[in-house]
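Working notes for the structure below.
Taken together, the values in this text are just the output of simple stated rules run on the coordinates, not laboratory data. Treat the numbers as computed from the prediction; the structure is a model and nothing was measured. Glycine also receives a Cβ, built like all others from the backbone with ideal geometry; neighbour counts cover every protein chain displayed.
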2 protein chains.
Amino acid sequence: MRQDGRLARMIHVLVHMGLLGGRETSERIAQMLNTNPVVVRRTMASLRQYGIVESEGGRGGGWSLTRPLKDITVLDVQRALQGETILDAPLSNDHPSCPVERAANAKLQRAFESAEQTLEREFRKVTLAEIGEIAMASAKAGKTG
Amino acid sequence: MRQDGRLARMIHVLVHMGLLGGRETSERIAQMLNTNPVVVRRTMASLRQYGIVESEGGRGGGWSLTRPLKDITVLDVQRALQGETILDAPLSNDHPSCPVERAANAKLQRAFESAEQTLEREFRKVTLAEIGEIAMASAKAGKTG
DNA sequence: CCATAGTGTAACAAATAGTGTTACGGTCTA
DNA sequence: TAGACCGTAACACTATTTGTTACACTATGG
């Protein structure tokens, strides 16, 4: 589970959970993601904190969705994983009182804010149900490889 | 010089160079960036490859701009430093033949492409001359701290 | 023609962040 | 009460960026 594809991976998992409808253990999810259960718990914990999934301990426990896929957007998952900020403008901080540095930072900040708004808008309009439907359709059409 | 503020830092340096008009040594640039000359050469080498600056060796050598600030956009600097791609969609690759994973990746890819276009547009419309002017104006107004 | 002040670059050290692993405690249920 | 779960801390591993050292090359001034 490398390169921070956490958003993509979690969406992948959540859609499967939604389609199957049941409860999944960290162990099984770890297998899906080629990783191990502790990493899964760490990441799923963020989703739980945000109210997307819930966990139950003990025998027969595991993870389950708190609501149907149609009520979960990509933005929800993003927020759960990374908080408010999607894109972080990497600014410089070598001479905070230098007017040139300040002017450069201000321009960059604004540009990144625009891009972040775009991303937020795109993320908000895609539901996990939609992803599930696309997947089902393409599986039916035999586009598996 | 941490956290990949390379874009912001290089813009900062280039604007100073443009305003001063002369040649700067790696040593002096390194002081501006609180780093050391080798790191500066590494980064400036990318800008040279892209035709934004040129370097001369030997006594009296150093770095200079190849054209005025008004002919350098933030996008130029970005491209020189990181190539074509500004935003890289972090996709998952655990089960390349899984239709769910594919559908999720496709949606994310598209969202990131939109955001990248926004960023590209914003970067293209800001010239370093503009940043220089803002800096000069705010310096004159006494907003230094 | 050589001392000096530069860049170019390879090789390596250090810091950082993400990921993987182990270990152990808590919780539910058959 | 044993077994199958999650929760979490602590630590090892890995990759990337940044910093450093070292040395070769180049141009200039005296």
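Give me the number: length gained by fully extending residue B:97 to residue B:113, i.e. 0.36 nm times residue separation minus the C-alpha to C-alpha distance, one decimal in nm.
Roughly 3.5 nm would be gained on extension.
Quick one: Karplus J couplings for the stretch A:47-53, per residue in order, coefficients 6.51, -1.76, 1.60, θ = phi - 60°, nearest Hz, x for Gly and Pro?
With the stated coefficients, the stretch A:47-53 comes to 5, 5, 4, 8, x, 8, 10 Hz.
Along the Cα→Cβ direction, 7 angstrom out, place labels at residue A:41 and residue B:39. What is the inter-label distance in nm?
In this crude label model, residue A:41 to residue B:39 measures out at 3.9 nm.
Starting at 0 and stepping by 5 Å, how many percent of the alpha carbon pairs of chain B end up in each bin?
That works out to 2, 9, 16, 17, 16, 12, 9, 7, 5, 4, 2, 1, 0, in percent per bin.
List the aspartates and glutamates whose Cα sits under 15 Å from the Cα of residue A:70, skipping any in the same chain fewer than 8 residues away.
Excluding near neighbours in sequence, the set is A:130, A:133.
Give me the percent of Cα-Cα pairs in the protein assembly as shown that sit more than 35 Å apart, rounded to a whole number.
For the protein assembly as shown, the share of Cα pairs beyond 35 Å comes to 36 percent.
So what is the calculated 222 nm ellipticity per residue for chain B, using -39500 (n - 2.57) for each DSSP H run with n of 4 or more, over all residues, to the nearest 500 deg cm²/dmol?
Dividing the helical sum by the residues of chain B leaves -18500 deg cm²/dmol.
In debye, nearest 20, what is the charge dipole magnitude of the protein assembly as shown about its Cα centre with +1 on Lys and Arg Cβ and -1 on Asp and Glu Cβ, if you could check?
The dipole magnitude comes to about 140 debye.
Roughly speaking, what is the stretch gain from residue A:49 to residue A:141, that is 0.36 nm per residue apart minus the C-alpha to C-alpha distance, in nm to one decimal?
Fully extending the segment from residue A:49 to residue A:141 adds 29.4 nm.
Given H placed 1.01 Å from N in the peptide plane, which residues other than close sequence neighbours of residue A:53 have an amide H under 5 Å from its amide H?
Amide H to amide H, under 5 Å and 5 or more residues apart or across chains, residue A:53 pairs with A:48, A:66.
Give the distance, in whole Å, between the Cα centre of the stretch B:7-80 and the Cα centre of the stretch A:48-82.
First find each Cα centre; the distance between them is then 48 Å.
Considering amide H positions built from the backbone, and no H for Pro or chain starts, which residues 5 or more places from residue A:126, or on another chain, come under 5 Å of its amide H?
Those qualifying (amide H under 5 Å, at least 5 residues apart or on another chain) are A:74, A:75.
To the nearest 10 degrees, how steep is helix A:99-124 against the longest Cα principal axis of chain A, on a 0 to 90 scale?
Approximately 20 degrees, to the nearest ten.
At 7 angstrom along the Cα-to-beta-carbon line, where would the label on residue B:39 sit relative to the other copies? Give the distances in nm, shortest first.
3.0
List the distances, in nm and shortest first, from the label point of residue A:90 to the matching label points in every other copy, placing each point 7 Å from Cα along the Cα-to-Cβ direction.
Listed shortest first, these distances are 1.3 nm.
Hey, what do the phi angles of the stretch A:71-83 turn into as Karplus ³J(HN,Hα) couplings, whole Hz, using 6.51/-1.76/1.60 and θ = phi - 60°, x for Gly and Pro?
Once θ is set to phi - 60°, the couplings for the stretch A:71-83 become 9, 10, 9, 4, 4, 4, 5, 4, 4, 4, 7, 10, x Hz.
Can you list the copy-to-copy distances for residue B:114, using a point 7 angstrom from Cα toward Cβ, in nanometres, shortest first?
Those label-point separations list as 1.6 nm.
Using +1 on the beta carbon of Lys and Arg, -1 on that of Asp and Glu, and nothing else charged, what's the dipole of the stretch B:2-100 about the Cα centre, debye to 20?
Using Cβ point charges on Lys, Arg, Asp and Glu, the stretch B:2-100 gives about 420 debye.
Skipping prolines and chain starts, which residues have an amide H placed within reach, meaning under 5 Å, of the one on residue A:25, given they are 5 or more residues away or on another chain?
Result for residue A:25 returns A:63.
What's the average, rounded to a whole number, of partner chain beta-carbon atoms within 10 Å of each residue's beta-carbon in B:108-116?
Neighbouring Cβ atoms belonging to other protein chains average 6 per residue here.
Using the crude model of +1 on Lys and Arg Cβ and -1 on Asp and Glu Cβ, and no other charge, please compute the dipole size for the stretch B:41-145 relative to its Cα centre, in debye to 20.
My answer is approximately 360 debye.
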